[in-house]
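A short write-up of the structure that comes next.
Every number here is computed from the coordinates shown, using simple stated rules; none is lab data. Source: prediction; values computed, not measured. Backbone-built Cβ (ideal geometry, glycine too); neighbour counts: all protein chains shown.
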4 protein chains.
Amino acid sequence: MATKIISYEKPKLRNPVFIEGLPGVGNVGRVAAGYLVEELKAKKFAELISSHFMPIVVIPQGSQVEMIKAEFFYWKAKERNQSDIIIMIGDSQSADPEGHYEIVEEVLKFLKRLNVKEIFALGGLNIGVPTERPKVVGAVNDSSLEKKYKKYNIVFDTSQRVGSIVGAAGLFVGLAKYYNIPAICLLGETSGMPFLPDPKSAEAVIRVISQILNLKIDVSKLQEKIREMKEFMKRVEAMQAQLLQPPASPTSEKEKLTYIG
Amino acid sequence: MATKIISYEKPKLRNPVFIEGLPGVGNVGRVAAGYLVEELKAKKFAELISSHFMPIVVIPQGSQVEMIKAEFFYWKAKERNQSDIIIMIGDSQSADPEGHYEIVEEVLKFLKRLNVKEIFALGGLNIGVPTERPKVVGAVNDSSLEKKYKKYNIVFDTSQRVGSIVGAAGLFVGLAKYYNIPAICLLGETSGMPFLPDPKSAEAVIRVISQILNLKIDVSKLQEKIREMKEFMKRVEAMQAQLLQPPASPTSEKEKLTYIG
Amino acid sequence: MATKIISYEKPKLRNPVFIEGLPGVGNVGRVAAGYLVEELKAKKFAELISSHFMPIVVIPQGSQVEMIKAEFFYWKAKERNQSDIIIMIGDSQSADPEGHYEIVEEVLKFLKRLNVKEIFALGGLNIGVPTERPKVVGAVNDSSLEKKYKKYNIVFDTSQRVGSIVGAAGLFVGLAKYYNIPAICLLGETSGMPFLPDPKSAEAVIRVISQILNLKIDVSKLQEKIREMKEFMKRVEAMQAQLLQPPASPTSEKEKLTYIG
Amino acid sequence: MATKIISYEKPKLRNPVFIEGLPGVGNVGRVAAGYLVEELKAKKFAELISSHFMPIVVIPQGSQVEMIKAEFFYWKAKERNQSDIIIMIGDSQSADPEGHYEIVEEVLKFLKRLNVKEIFALGGLNIGVPTERPKVVGAVNDSSLEKKYKKYNIVFDTSQRVGSIVGAAGLFVGLAKYYNIPAICLLGETSGMPFLPDPKSAEAVIRVISQILNLKIDVSKLQEKIREMKEFMKRVEAMQAQLLQPPASPTSEKEKLTYIG
């Protein structure tokens, strides 16, 4: 099946910017992007499903089954100093290495058709220790972006702190270059519990992206939002625990089936 | 080779419903669907083979080789309050994660061509402890189905009990939505021995599906049917035990070959 | 790259039969088919390479690099009671599960174009204990073949002895059915050392296939032939030992590279 | 996404030769080819990216993200006894077995379009023990090449020393045969620390290739060049350490994400 993007609406957008937030360390990207969706009341217009996600469905509430998926939302600029925005949030990253490349590239082709002019990939940066004032570290696919954004509260001696980035956030910035789309990775420092949302780090990332895009975002409801997320994340986590064995092997197959089939 | 469906006949069916039962926890889905095939004397009309199944053939009896496969049967309504039915039963689920998506999607395309109007995915729900009176839990891809079926003996506070569903049964319900086919997962509670058929749970599922589809199914022969199944299941199980190692590694390769080549 | 068959010649054959022998338990199939190639002085006309084989090249002698591959040979009938024959021998089976399906199916498509009328898949059957008089067990994709061949020295109460067959030999017989090619698996009993050639078992298989095809094969040189094979097999074995780790993981990657790059 | 080659320029070359150097044992091939690029001041004209590389990006310095990639450079002959040269150097080999085949074949198709007349694949040969005077061992895809190059300082009793070659270097030589391109593997003896550059072995390989191609290469700056490389290699190494688990399994997934996401 590979990867599919299903559109429910063709929004008319003027050179929108793209913001990406998938689960990862401290869930910083996912929480920050998800919060922007809620605060901006962005409108959902497309979904991405992929055979590179875990072969499960989740039932967040009631009896309604949900695929593991990513969702696309759009928001139209209200003021002259703002841009139209497309935001992608997701339940999971690829469960296999090749999938990261495929999913990111399918999204980039989709964004190209939507005339996206710039990409902001949000994520967390594991600094190993808790921090009261998490910084936001920037990584770019074009040096001009460092100049453009150095006036904001972003740390750009990235190489010393990061070295490399695993998964979708990094590939969005790296692959976007081949699509001639300027892209920047905004990474919030965190102590790096996987999937355990780090509100402070997410808040730092939200502040930077809001400044850049001239958005007035009230971060006071962030804690509450995170509480809501946790239940769903626990579900996904529970499944991942189930799938610890290499999925190709019948053991894990059996494990899965002992849970349900 | 991916996944192939080979049709032996083009049955003329009027908006049939589809019932799916593959091996899984308590083998509930496989046993229930297999029993319906026998009781309804449904006619086989197609087979599915896939490179996502284990690379083995089975010799259930005599000297005749059988591929690991899924089979499609049809049954034509006898009375005005019944529907034409297509039933899929299989020997195995995908041996790799991507395969679950591919197999389910190939089947959905096939069902779309057959004008299937509704999907019933049968499976087991591992509740960890033995139960005298297994309940049947429902998960749907459209909330209207909960209303439609709540008058039957189905538990719909699914989220609390299930959380998520691994493998084909869940993906059938989740992916069917993108094909505009209403789908419901009927999961019989079981103590969850993998592949060890749980007759009580299968019986509970058969009773619910029979009521919904106005089928008169005599469940008295279920025990006997399960005895027949066991021999074949043992064969498949034996092979799976053989393939415990990650199949990509030469060790398991060697293991397999020590068994036969 | 998937799987490719490169033809060096388009032999004119009249409804040839096909004999397959790949490495496996006791190397029975590979040894038996390889010996037939030599004794019949069959002519090589095609090669199969596949990204499902290990990513290595072998240097059997001198400085000449050889891909891991399978080779196709043909032999034209000398007498009226004989058939034209195509023989496939190979260095390896697929290193991943899907590969078994893909390689077998690519070969079947190739055979269909060559009007192959029947398939003989040769292999070994691990009976766990050494045997002085190894039997040859048969598994078929059409019951008529059991009748056709029961007059030969083949044991057909296969189900009790075998149960299932892993890898190419079994899939050739199983998949051939979908190509309407009658196929029989001839499995020589062996104590089942993987890759350690079992001359007695190979000899038993050669005797049966020679009888069926009215070939006069002198088995006296079998031992010698096996000695020649061993050196090459050791090479392949050495590499497989190297690749024990799941190849996808950097450990094994590193392992490989520590050996050579 | 598979594998892509992006060209930035269509160089006009007259029957160029191709030199390949990817990371591997002692990093011999990568170091030797990289040094040639610098000494010849070869011009970059294309890049290769692949979903078979690790799903990471690296930040070698500043804030600029770099994909894991291979790069193509060209150099035009200055004298009548020289050939135009294309050199490929890369950050990594494929992270999965199939990828080695796909990447090598995509490059061979690319080289065919550039009328490459001969291939030199550079690598290291792990002899287990340190050596003061590393020899260069040759493996070829056509015996005529042994005659052609035996006058150079190359050891050709390859079979006894090597037996087999894992990864890209060997596949370049093996697969080139199917593209009718003569190819030779030049392997420098090394004690075989993975990725730890072995300057002596690289120097031996550089001397041989320079002699063959009539290049005047000053090896005095090799040590310095290796120092520069190390920092970047450490980055890639760090990531590989992170990805030790089979990448398909959520553990490693999680591991990655704990590092960054």
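Based on DSSP H runs of at least 4 residues, each adding -39500 (n - 2.57), what is the mean residue ellipticity at 222 nm of chain D after dividing by all its residues, to the nearest 500 deg cm²/dmol? Helix contribution divided over all residues of chain D: -11500 deg cm²/dmol. The residues B:228, C:47, when put in order of fewest to most other Cβ atoms within 10 Å, stand as B:228, C:47.
Quick check on the stretch D:81-146: take the gyration tensor over C-alpha atoms, sort the square-rooted eigenvalues as a ≥ b ≥ c, and tell me if it's rounded (a/c under 1.5), prolate or oblate. Oblate, since a/c reaches 1.5 and b/c is not below a/b. The calculated FRET efficiency for the pair residue A:8 and residue B:180, based on their C-beta separation and a Förster distance of 22 Å, comes to about 0.95. Secondary structure note: in the protein assembly as shown, about 60% of the DSSP beta bridges are antiparallel. Remark: D:83, A:7 ranked as A:7, D:83, counting other beta-carbon atoms within 10 Å and listing the fewest first.
With 5 Å bins beginning at zero, the pair-distance distribution over Cα atoms of chain B amounts to 1, 6, 13, 18, 20, 17, 13, 7, 3, 1, 0, 0 %. For the peptide B:86-98, the mean number of other protein chain Cβ atoms found within 10 angstrom of a residue's Cβ is 5.
Mean per-residue shielding of peptide D:152-164 is 5, counting Cβ atoms of other chains within 10 Å of each Cβ.
Normalised by residue number, the volume inside the convex hull of the Cα atoms of the protein assembly as shown is 181 Å³ per residue.
Summary for residue C:132: label point 7 Å along Cα→Cβ; distances to the equivalent points in the other copies, ascending, 6.2, 6.2, 8.8 nm. With contacts taken as Cα pairs under 8 Å and at least 6 residues apart, chain C reaches a relative contact order of 24 percent. For residue D:147, inter-copy separations between label points set 7 Å beyond Cα along the Cβ vector come to 6.1, 6.1, 8.6 nm, shortest first. Quick check on the stretch B:1-46: take the gyration tensor over C-alpha atoms, sort the square-rooted eigenvalues as a ≥ b ≥ c, and tell me if it's rounded (a/c under 1.5), prolate or oblate. Note, shape of the stretch B:1-46 comes out oblate. The share of Cα pairs per 10 Å bin across the stretch A:29-155, counted from zero up to the longest distance, runs 9, 33, 38, 17, 2, 0 percent.
Each copy carries a label point for residue B:113 at 7 Å from Cα toward Cβ; from one copy, the others' points are 2.5, 2.5, 3.6 nm away, ordered from shortest. Of the peptides D:98-109, A:209-220, the order by per-residue mean of other Cβ atoms within 10 Å, starting with the highest, comes out as D:98-109, A:209-220.
If a spin label sat at a point 7 angstrom from the Cα of residue A:152 along the line to its beta carbon, the backbone N atoms of the stretch A:21-45 nearer than 18 Å would be those of A:21-22, A:28-40.
Can you figure out the FRET efficiency of residue D:117 with residue A:131, using R₀ = 45 Å and their beta-carbon distance, to the nearest 0.05? FRET efficiency, residue D:117 to residue A:131: 0.15.
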